[in-house]
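This report refers to the structure that appears directly beneath it.
The values are calculated or read from the model by the stated rules, or taken from the named source; none is laboratory data. As the structure is a computational prediction, the values presented were derived from the model and not from experiment. Here Cβ is always computed from backbone atoms with ideal geometry, including for glycine, and neighbour counts include all displayed protein chains. Only protein heavy atoms, including side chains, enter the accessible area calculation; ligands, DNA and RNA are left aside. Shrake-Rupley method; radii C 1.70, N 1.55, O 1.52, S 1.80 Å.
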Amino acid sequence: MINSGINEIDNLIYPPGTCIPDTSIKTPLSSGEITFDNKFNQPLPSLVEAEFNGNAITVKALIFVESQIPLEVVKIKQLFSISNFGNCKLQFFIYCSEEVIKKLNDDKESNKGRYKAYKIDFSTEETKNFPKGISLENIKVVQTFVWNIDPETSRGTETVVKTSNT
């Protein structure tokens with residue numbers, strides 16, 4: 001969620017899609033830290049699990065942020081799309097407010113290569129912008145992006161949606 005190429009808030013590019021309500025997003029849970037000797041130009045990919053439980057898709061994601069500033073709130077947008085194989089897909093974009101992005105960018109230089117891991121759980125029942133006749137049970141794949149306020153350096157992870165037995 002950090003990009004050294006974007007220094008001005010005026011240059012932020014926000015992700016597309018419909019906002020998931022804050023009430024559907026659990027507070028990010030710090031899950032440890034990892035340090036790399038080499039610097040990456042793109043965000044590290046997230047680890048993602050998705051499940052359809054009959055009325056909602058629940059997603060659990062582990063993301064990595066190059067900063068020691070605690071990440072307390074994230075925002076998520078969802079966008080319906082079709083995968084390369086013709087399957088219905090939801091794209092989720094995990095991002096922060098302008099204020100948080102400024103703090104993370106300011107902290108980035110002193111924490112090169114040091115990433116905090118955060119577990120983010122969220123769910124969606126939203127089908128407002130789906131094509132007619134498509135429901136959540138038709139979603140076979142989710143793609144989760146750690147949105148880096150710059151689509152060129154944002155990183156996506158695709159995951160198959162499991163179906164619960166309940």
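Observations, loosely collected:
- Across the range 27-56, the number of residues qualifying as more than 16 Å from ILE94 (Cα to Cα), in a loop (DSSP other than H, G, I, E, B) and among the aliphatic types (A, V, I, L, M) comes to 1.
- When the range 57-84 is filtered for residues that are more than 23 Å from THR18 (Cβ to Cβ) and part of a strand (DSSP E or B), the ones remaining, listed by number, are LEU62, PHE64, VAL65.
Conditions tested, residue by residue: (1) in contact with a Ser or Thr (Cβ under 6 Å, 6 or more places away or on another chain); (2) open to solvent by less than 70 Å² (accessible area, probe 1.4 Å); (3) among the charged types (D, E, K, R).
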{"position": "ILE25", "(1), (2), (3)": "no, yes, no"}
{"position": "LEU29", "(1), (2), (3)": "no, no, no"}
{"position": "ASN38", "(1), (2), (3)": "no, no, no"}
{"position": "PHE52", "(1), (2), (3)": "yes, yes, no"}
{"position": "ALA56", "(1), (2), (3)": "yes, yes, no"}
{"position": "ALA61", "(1), (2), (3)": "yes, yes, no"}
{"position": "ASN87", "(1), (2), (3)": "no, yes, no"}
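- Applying the criterion of being at pLDDT below 90 and assigned to a loop (DSSP other than H, G, I, E, B) to the residues of the range 92-128, the residue that is surrounded by the fewest Cβ atoms within 10 Å (Cβ to Cβ) is LYS128.
- Taking every residue in the range 24-38 that is among the hydrophobic types (A, V, I, L, M, F, W, C) and pairing it with any residue that is modelled with pLDDT under 85 and open to solvent by less than 70 Å² (accessible area, probe 1.4 Å), at least 6 positions away or on another chain, the pairs with Cβ-Cβ distances below 8 Å are PHE36/GLY113.
- Residue check for SER83: of a type in the set (S, T, N, Q) and crowded, with 19+ Cβ neighbours inside 10 Å: no
- Residue count for the range 39-79, restricted to those that are of a type in the set (Asp, Glu) and within 13 Å of SER164 (Cα to Cα): 2.
- GLN143 being in contact with a Leu (Cβ under 6 Å, 6 or more places away or on another chain) and modelled with pLDDT of 85 or more: no
- Where a residue in the range 59-75 is without any contact (Cβ under 8 Å) to a residue 40 or more places away in the chain and its partner, wherever it lies, is part of a strand (DSSP E or B), with Cβ under 9 Å and at least six apart: ILE69/LYS116
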